[in-house]
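Here is the structure we will look at, set down as structure tokens.
The values are calculated or read from the model by the stated rules, or taken from the named source; none is laboratory data. All values derive from a computational prediction rather than experimental measurement. Here the Cβ positions follow ideal geometry from the backbone for every residue, glycine too, while neighbour counts run over all protein chains shown.
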């Protein structure tokens, strides 16, 4: 006795098509099986792209990155200016507080401004009494600036 199974022909197929598939050994699938296979394939595709961002998320991340880059650039510029001010202060021999008031955009401009400012503040020798011998000591530019600022108020 041969094992015969009869399957209902899917809609849109003729008995000839179903018979030809059965004779050639091809398996026919029910709609439920096809739906399950398609669903499984979709899940595999979704898993493959898990962790990727969509267009809106990508735009938001780009905006955040641009903002962070601008803030970083500003901080680097502030750091460079502070270093330039400190260098100009040290090279010109003026107090850091005075050098911070200068408006040069780089170390060379700041140093040139500090030197012009020094010309306005001449260095005068002062006498000091060291308990018996007298000696003439020259005040530094930083000391003169500090005194000038203190006397200005």
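Points to keep in mind about this one:
- Pairs with Cβ under 9 Å, 6+ apart, first in the stretch 47-64 and surrounded by 10 or more Cβ atoms within 10 Å (Cβ to Cβ), second modelled with pLDDT of 85 or more and not in a loop (DSSP other than H, G, I, E, B): 53/60; 53/61
- Matching residues, the stretch 84-94, being touching a helix residue (DSSP H, G or I) at 6+ places or on another chain (Cβ under 8 Å) and surrounded by fewer than 18 Cβ atoms within 10 Å (Cβ to Cβ): 86, 87, 91, 93
- All of (1) at pLDDT 85 or above; (2) surrounded by 10 or more Cβ atoms within 10 Å (Cβ to Cβ); (3) farther than 30 Å from residue 105 by Cβ hold for residue 17 with one exception: (1).
- Contact annotation: no residue pair with Cβ atoms under 7 Å, 6 or more positions apart or on different chains, pairs a residue in the stretch 73-89 that is touching a residue at least 40 places away in the same chain (Cβ under 8 Å) with a partner that is surrounded by 15 or more Cβ atoms within 10 Å (Cβ to Cβ).
- Single match in 50, 71, 45 (criterion: out of contact with any helix residue (DSSP H, G or I) (no Cβ under 7 Å at 6 or more places or on another chain), over 30 Å from residue 145 (Cβ atoms) and modelled with pLDDT under 85): 50
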